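Just below is one structure, and these are the notes that go with it.
The values are calculated or read from the model by the stated rules, or taken from the named source; none is laboratory data. Here the structure is a predicted model, which is why all the values come from computation and not from measurement. Counting neighbours? That spans all protein chains shown, and the Cβs are built from the backbone with ideal geometry, glycine included. These accessible areas exclude ligands, DNA and RNA; they are computed on the full protein's heavy atoms, side chains included. Shrake-Rupley method; radii C 1.70, N 1.55, O 1.52, S 1.80 Å.
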Amino acid sequence: MLRFLGLLVLISLSFAAGYVFGQLPLKPLTEKVRELSKNVMDTTLGIERDLRRRHGLVDAKARLVQAKLELADRNYGNATKELAETIDAMEQALHGTREPAASARLRTLVAQVKEVRLELTIGKKFGPGKLDGIQKDLDELLQK
């Protein structure tokens, strides 16, 4: 009998709690869920942008190193193509950059690579120091 009364009290309390919570408006709960989903989307988009930026910078660095190797082998046509692909990869990384300082720095690097490519196309000789400096700047941007 005591078990039956305890079970009856427990069932009636759970029914009353369900009734009370059922009468409460769901607006605060739905607002919390919306806010949480918005935060998750913002975080996901931020990670995606950062990943796109890093991928572009790594690709640009790989192309730049390949261009340096082509210059060492005196394959100037291939080096020019690699520099053009370096520029494309840097511009792709530029789309993923949100910080104005990093964006401005990346734009100056793109201008430097375009200048080196133009000098190479014209036939002007230069040392590997220019490309080493650009590679060092790309490494610094990758560290951020």
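Annotations for the structure displayed:
- With both labels modelled 7 Å from their Cα along Cα-to-Cβ, the S37 to N78 distance reads 5.3 nm.
- Taking the C-alpha atoms of the range 3-144, convex hull volume expressed per residue in Å³: 157
- F4 accessible area, assembled protein chains, probe 1.4 Å, Å²: 120
- Rounded to the nearest 500, the helix-only mean residue ellipticity at 222 nm of the chain stands at -31000 deg cm²/dmol, with each DSSP H run of n ≥ 4 adding -39,500 (n - 2.57).
- Prolate/oblate/rounded call for the range 15-96, Cα gyration tensor, a/c under 1.5 rounded: prolate
- Shape category assigned to the range 67-144 from the gyration tensor of Cα positions, a/c cut at 1.5: prolate
- The distance between label points at A62 and T30 comes to 4.8 nm (points 7 Å beyond Cα on the Cα→Cβ vector).
- GNM top mover of D73, D88, D59 - the chain, alpha-carbon springs below 10 Å: D73
- Long hydrophobic helices in the chain: the complete DSSP H runs spanning 20 Å or more by Cα along their own axis with mean Kyte-Doolittle hydropathy of at least 1.0 are 2-23.
- In Å², nearest 10: area of T44 left accessible to a 1.4 Å probe: 70
- GNM top mover of G96, G129, G77 - the chain, alpha-carbon springs below 10 Å: G129
- Tensor-based shape of the range 76-118 (alpha-carbon gyration tensor, a/c under 1.5 rounded, otherwise prolate or oblate): oblate
- The largest accessible area among M1, M90, M41 belongs to the first residue in M1, M41, M90, and the rest follow in falling order (1.4 Å probe, all chains).
- Averaging the Cα positions of each part gives two centres, and for the range 32-58 and the range 110-134 these lie 35 Å apart.
- The listed residues Y76, Y19, once ranked by accessible area (1.4 Å probe) with the largest placed first, stand as Y19, Y76.
- When R117, R34 are compared by accessible surface with a 1.4 Å probe, the order from highest to lowest is R34, R117.
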